[in-house]
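Structure first, commentary second.
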Amino acid sequence: MATPAYVPIVKSKQSEMLALQHLDNSIKHRILPLIDLTAPNKEKDKADAIKYIEKNIKGLTRYLKGFPVVMLDSSEIDTSIRIAKGHHPLQMAASLLQDAEIEVIPVVGLSRDASHIDAVKKIVEKGKEKVASVRLDDYDLDTPNDSAMKLIELIRGALRGYQIYLLYDFRYVFGKDAVALASRAAAVTSKLNDIQPIATIVAGCGIPEKMVQAVPSRSAGYIPRDEIEIWLQYQRTVTSGHPVIPGDYTTVTPDHVELDWRIIRKTAGPKIVYALENQWFVIRGGAFESHPLGHAQYFELAKSVTRLPEYPGGMFSYGDQYISEKSRKQGNCGSAGTWITACVNRHITQTVHTLEGVVNP
């Protein structure tokens, strides 16, 4: 495939998968999404984790139709779980996508077990090209010297002969020093000697772990796209003969879970995280249970978004269309899940246009 403009990291949950499904086809061919297969977090799903994971995996082909290639990881799933006649979850998910003519680049990390690496090899052998990705997380990047040694051993050993996408995943980067973080990745790169990846991906989550760190409830504000600054700093630090691609977690944090409504109903409230060129506009309401408008607050929040000078109108993306409709109180006000879909879809579309220098319509 041509070098992608951008790598969004999303979970295989319905709300985020729908955001991908609703992308314009032209966007689908300009990005390389990384899908993190999710494990159950609700008690009712944990009771039958295998059933949950199988159902989650089987829906991927529908959501990802139209994508030429995706990256796939299963690091969130317990390493002991096997499904469908003893298959590894990563292998089963990849096989279904490959059968649907979607190329899969499997992802491996520096501390994955032998069964994960074996699944990666089986996926690569079934694919058209011998391509895999190695993902270094924030813990790996805290010890760049040791991680570089492990990375070299992995690429020259288990992944010998494969083309490699190297992914530096900083996870939470809100408010952190971009120069310092970029230097950690650069320190790993400097020790790779003759190893040349297809591309290096520099990714992180600029959304704070807790939104109150940046924008309190019943207020609005802006959050800078810190993850983009780290990507830029890495490019300034490292001279490479291959592309350096930006990545992020869209508008959903890496550890986001769907909590039991009975637990959070007294404090949960609506929010919209709206991507702009170099920042997000975030607007939050009050608790659903105590605010006089309840869930209908979403209508008012949507209206505020459409009043932004940067708002391009509903034709720009599925997410913008959704916001436009809700600002005019069309249909119901939506739920937390449908608003994640809208915000993630808008974010990916806007990010591609920003990175490619396309002027908004």
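The values are calculated or read from the model by the stated rules, or taken from the named source; none is laboratory data. Predicted model, so just to flag it, every value in this text is computed and none were measured. Glycine gets a Cβ as well: all are built from the backbone with ideal geometry, and neighbour counts include every protein chain shown. SASA here: full protein model, heavy atoms, side chains in, ligands and nucleic acids out. Shrake-Rupley method; radii C 1.70, N 1.55, O 1.52, S 1.80 Å.
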When a/c is below 1.5 the answer is rounded, else prolate if a/b is larger than b/c, else oblate, so apply that to the chain with a ≥ b ≥ c taken from the square roots of the Cα gyration tensor eigenvalues. prolate
Contact order relative to length of the chain, as percent, for alpha carbon pairs under 8 angstrom and 6 or more apart: 16 percent
So, for the range 57-202, what is the accessible surface per residue at a probe of 1.4 Å, expressed in square angstrom? 45 Å²
Using a 1.4 Å probe on the protein heavy atoms, what percent of the accessible area of the range 29-118 belongs to carbon and sulfur? 49 percent
Based on the mean of other beta carbon atoms within 10 Å per residue, what is the order of 144-155, 328-339, most packed first? 144-155, 328-339
Need the list of aspartates and glutamates near K329 for cross-linking: C-alpha distance under 18 angstrom, and skip anything on the same chain fewer than eight residues off. E300, D320
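Just order 55-65, 100-110, 13-23 by mean Cβ neighbour count inside 10 Å, highest at the front, would you?
Highest-to-lowest ranking by the protection proxy: 13-23, 100-110, 55-65.
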Under 5 Å between amide H atoms, partner at least 5 residues away or on a different chain: which partners does G109 have, H built in plane at 1.01 Å? R135
Which angle from 0 to 90°, rounded to the nearest 10, does the C-alpha axis of helix 297-306 make with the longest principal axis of the chain? 70 degrees
Classified through the alpha carbon gyration tensor (a ≥ b ≥ c as square roots of its eigenvalues; rounded if a/c is under 1.5, else prolate when a/b is larger than b/c, else oblate), the range 246-344 comes out oblate
May I ask for the distance between the Cα centers of the range 1-58 and the range 166-202, given as a whole number of Å? 24 Å
For the range 53-63, just list the computed ³J(HN,Hα) in residue order, Karplus coefficients 6.51, -1.76 and 1.60, θ = phi - 60°, integers in Hz, with x standing in for Gly and Pro. 5, 4, 4, 4, 5, 5, x, 4, 4, 5, 5
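Starting from the residue with the highest accessible area, list E300, E129 in decreasing order, probe 1.4 Å.
E129, E300
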Rounded, prolate or oblate: which fits the range 1-145, taking a ≥ b ≥ c as square roots of the Cα gyration tensor eigenvalues, rounded meaning a/c under 1.5, else prolate when a/b beats b/c? rounded
Per DSSP helix of 4 or more residues, -39500 (n - 2.57); summed, then divided by the residues of the chain. What does that give at 222 nm, rounded to the nearest 500? -11000 deg cm²/dmol
What is the sum of charges around L151, taking Lys and Arg as +1, Asp and Glu as -1, for the other residues whose C-beta is under 9 Å from the C-beta of L151? 0
Computed over the Cα atoms of the range 153-283, the Rg and Dmax in Å are 18.0, 56
Can you give the local net charge around E277? Use residues other than it whose beta-carbon is closer than 10 angstrom to its beta-carbon, Lys and Arg +1, Asp and Glu -1. 0
With Rg from the Cα atoms and Rh as the Kirkwood inverse mean 1/r over Cα pairs, the range 13-57 has an Rg/Rh of 1.11
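Among 348-355, 310-317, how do they line up by average Cβ neighbours within 10 Å per residue, starting with the highest? Please report the intermediate quantities before stating the final value.
Details: 348-355: 22.1, 310-317: 16.1.
Most protected by this proxy first, the peptides run 348-355, 310-317.
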